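The block underneath contains the structure these notes are about, expressed in structure tokens.
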Amino acid sequence: MTAEVDRVERAYRDLGARLWRALLGYTGDPEIASDALAEAFAQALARGNDLRSLEDWVWTSAFRIAAGMLKKQHMGEQLPSEERYGLPEPVADLVHALSRISKQQRLAVVMHDYGDRPTHEVATVMGVSPATVYVHLHQGRKRLRKLLEGFDE
């Protein structure tokens, strides 16, 4: 096994679960989240030593791949029901609330707040300026707070 394969495997063990959950929050679809995650790591493996920062590249690529899958499959904003996938109640509430904000706001919030990705990386994935990312973050957080307050009742 080469050092590069070891590096990608370590990254998968370290990042995989968290990235999958972020992709689920963005897409609302466990299958798309799994496929995007697998494809991003497969591409990273194929690129070998060409990647400066494996973690940054995988996060960015996985979200781009997921966005492409959503677009290709013409997915709507509606996310699967919590019963179908057996998500714990707080997670299901969050996934449902995320489905009710715009795709751009959802992408910004999930990548930045959950994924802890830097604003410039989020901007690259979204194809907008960092200032626009801040607008989406502000609006998305505000909307999420309002939506999640309704689940407390």
Self-check item: Close pairs (9 angstrom Cβ cut-off, 6 or more residues apart or separate chains): over 13 Å from Ala38 (Cα atoms) and surrounded by 18 or more Cβ atoms within 10 Å (Cβ to Cβ) in the range 53-64, at pLDDT below 95 and hydroxyl-bearing (Ser, Thr, Tyr) anywhere
Solution: Thr60/Thr124
Quiz item: Residues of the range 97-153 being of a type in the set (A, V, I, L, M, F, W, C) and touching an Asp or Glu at 6+ places or on another chain (Cβ under 8 Å), which ones?
Solution: Met111, Leu137, Leu148, Phe151
Quiz prompt | Of all residues making up the range 12-33, the number that are small (Gly, Ala, Ser) and either under 9 Å from the mean Cα position of the chain (by Cα) or at pLDDT 95 or above (or both) | solution = 3
Quiz item: For the range 23-52, which residues satisfy the criterion of being under 15 Å from Val91 (Cα atoms) and crowded, with 24+ Cβ neighbours inside 10 Å?
Solution: Leu23, Leu24, Gly25, Tyr26, Thr27
Self-check item: In the range 19-36, the residues that are assigned to a helix (DSSP H, G or I) and out of contact with any Phe, Trp or Tyr (no Cβ under 8 Å at 6 or more places or on another chain)
Solution: Trp20, Leu24, Thr27, Glu31, Ile32, Asp35
Quiz item: Can we say Val135 is touching a helix residue (DSSP H, G or I) at 6+ places or on another chain (Cβ under 7 Å) and modelled with pLDDT of 85 or more?
Solution: no
Practice problem: Go through the range 119-137 and give me each residue that's part of a loop (DSSP other than H, G, I, E, B) and either surrounded by fewer than 15 Cβ atoms within 10 Å (Cβ to Cβ) or touching a Lys or Arg at 6+ places or on another chain (Cβ under 9 Å) (or both). | Solution: Gly127, Ser129
Self-check item: Failed item, numbered, when Thr60 is tested on (1) over 25 Å from Leu144 (Cβ atoms); (2) among the hydroxyl-bearing types (Ser, Thr, Tyr); (3) modelled with pLDDT of 90 or more
Solution: (1)
Quiz item: So which pairs qualify, if the first residue must be in the range 16-38 and over 16 Å from Thr60 (Cβ atoms), the second must be small (Gly, Ala, Ser) and surrounded by fewer than 24 Cβ atoms within 10 Å (Cβ to Cβ), the Cβ gap must be under 7 Å, and the two must be at least 6 apart or on different chains?
Solution: Leu24/Ala33; Gly28/Ser99
Quiz prompt | Single unsatisfied condition, Asp116 versus (1) in contact (Cβ under 8 Å) with a residue 24 or more places away in the chain; (2) assigned to a loop (DSSP other than H, G, I, E, B); (3) of a type outside the set (S, T, N, Q) | solution = (1)
Quiz item: So Val125 clears everything in (1) over 20 Å from Ala62 (Cα atoms); (2) touching a Phe, Trp or Tyr at 6+ places or on another chain (Cβ under 6 Å) except one condition, right? Which one?
Solution: (1)
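The values are calculated or read from the model by the stated rules, or taken from the named source; none is laboratory data. The structure presented is a predicted model; accordingly, all values stated were derived computationally and were not measured. Ideal geometry is used to build each Cβ from the backbone, glycine not excepted, and the neighbour counts take in all protein chains shown.
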